[in-house]
1. Could you pull the Rg and Dmax for region 161-241, using just the Cα atoms, both in Å?
2. Could you grab the relative contact order for region 168-294? Cα pairs under 8 Å, six or more apart, rounded to a whole percent.
3. In the chain, what percentage of the DSSP-assigned beta bridges are antiparallel, given to the nearest 5?
4. Using a Cα-Cα cut-off of under 23 Å, which lysines could be cross-linked to LYS23, ignoring same-chain neighbours fewer than 8 residues away?
5. Tally Lys/Arg at +1 and Asp/Glu at -1 over every other residue whose Cβ is under 12 Å from the Cβ of SER318; what's the total?
6. Any aspartates and glutamates with Cα under 13 Å of the LYS271 Cα? List them, leaving off those in the same chain fewer than 8 positions away.
7. How much of the DSSP bridge set in region 38-172 is antiparallel, in percent, rounded to the nearest 5?
8. So what are the ³J(HN,Hα) numbers for region 73-87, from phi and the Karplus equation (6.51, -1.76, 1.60; θ = phi - 60°), rounded to whole Hz, Gly and Pro as x?
Amino acid sequence: DTGEKVNTHIITLTRFLTEEQIKHKEATGDFTLLCHALQYSFKSIAYYIRRATLVNLTGLAGSSNTTGDEQKKLDVISNDLFIEAMRSCGKVAMLVSEEEETEIHFPQAAGARYIVSCDPIDGSSNLDAGVSVGTIFAVHKIPDGVNVARKEDILKPGTELVAAGFTMYGASAQLVMTMKGSTVNGFTLDNGIGEFILSHPDMRIPKSRAIYSVNEGNSLYWEDKTINYFNSLKQAQADGKPYSARYIGSMVADAYRTLLYGGIFAYPADKKSPKGKLRILYECAPMALVFENAGGQAVDSTMNRMLEVVPEHIHDRSGIFMGSYDEIEKVKSFYK
Ligand code: AHG
Ligand code: MN
Ligand code: MN
Ligand code: MN
């Protein structure tokens, strides 16, 4: 036996999706095609992020979006790439994006049954510093008997999502996805062959870990409960040590670390932002589905299960606490 062993039993995302489709006898293949379009958009967004400094794609686009954020050039480009991928796959009837004021219909996609909500670039304030950012997606299905997708088909609790996930563009691109009532699986983009490879099957978040992730600069605006909870983490714990603080400022990157290491990520509602900052449809709900399916929890600032929060409008916001099962139990005890 000579030389290095090459693993030839690699599970690409394509193979994974094909095997999933075979397991679900009722599947038509539409969801698989949608996922192919999603992964294409992640690859192309990753490509432009990596080249941004070299091809003048850093900085502002000069416009703002509906939720008041200044758009970066890459927010706009990634949004356009994502929309075009969803339009051309023929399986998406309607799309909601952070960067689009209203929902977009794709009437050419005859018979399409899916609705996708997206945050094309999460953490875009970090782009020009080359810090990790991400793309978030959430997939709803149009109810049987409904022909044309309507806004009310997504203004529903996250428990109705059929799939959700995100890609983090870090040292490598990491795709994490889950389906309703299923496991969470993580894939790493192999740039050499241009494929996402299953690297983290059946991800489970550790039950607890002494790490917290929150923009503590906002503590001036926090309610007492929030102040008391985070202060408690800075006291000596059972092992005599306080928690560690980690805050990247890209929710996807902070959440991905939390998923792997355990602990908590929070963006609480506060006196300045009584409804929180993060948006329900394309930030809070998809992350909540991932965390719950990985054995963790996600709740809003009133300690309601995040997946049961119903947005009234497509860009509605919520406070959010997500993380290890035991840590969210601790948060609840401070808020009760
Ligand atoms: P986006 O870049 O999609 O607008 O999202 C920004 C969000 C999220 O990525 C991050 O957790 C949070 O804003 C950071 O906000 P602060 O700068 O207020 O901490
Ligand atoms: Mn934004
Ligand atoms: Mn975001
Ligand atoms: Mn964004």
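Taken together, the values in this text are just the output of simple stated rules run on the coordinates, not laboratory data. Quantities reported herein were computed from a predicted structural model and do not represent experimental measurements. Methodologically, a virtual Cβ is constructed for each residue, glycine included, from the backbone with ideal geometry; neighbour enumeration extends over all protein chains shown.
1. Taking only Cα atoms of region 161-241, I get Rg and Dmax of 18.1, 52 Å.
2. That works out to 28 percent.
3. Bridges in the chain that DSSP calls antiparallel: roughly 85 percent.
4. Within reach: LYS91, LYS141, LYS180.
5. It works out to a net charge of 0.
6. The qualifying aspartates and glutamates are GLU223, ASP224.
7. Antiparallel bridges make up about 80 percent of those DSSP assigns within region 38-172.
8. 3, 6, 4, 6, 5, 5, 4, 5, 4, 5, 4, 5, 5, 5, 4
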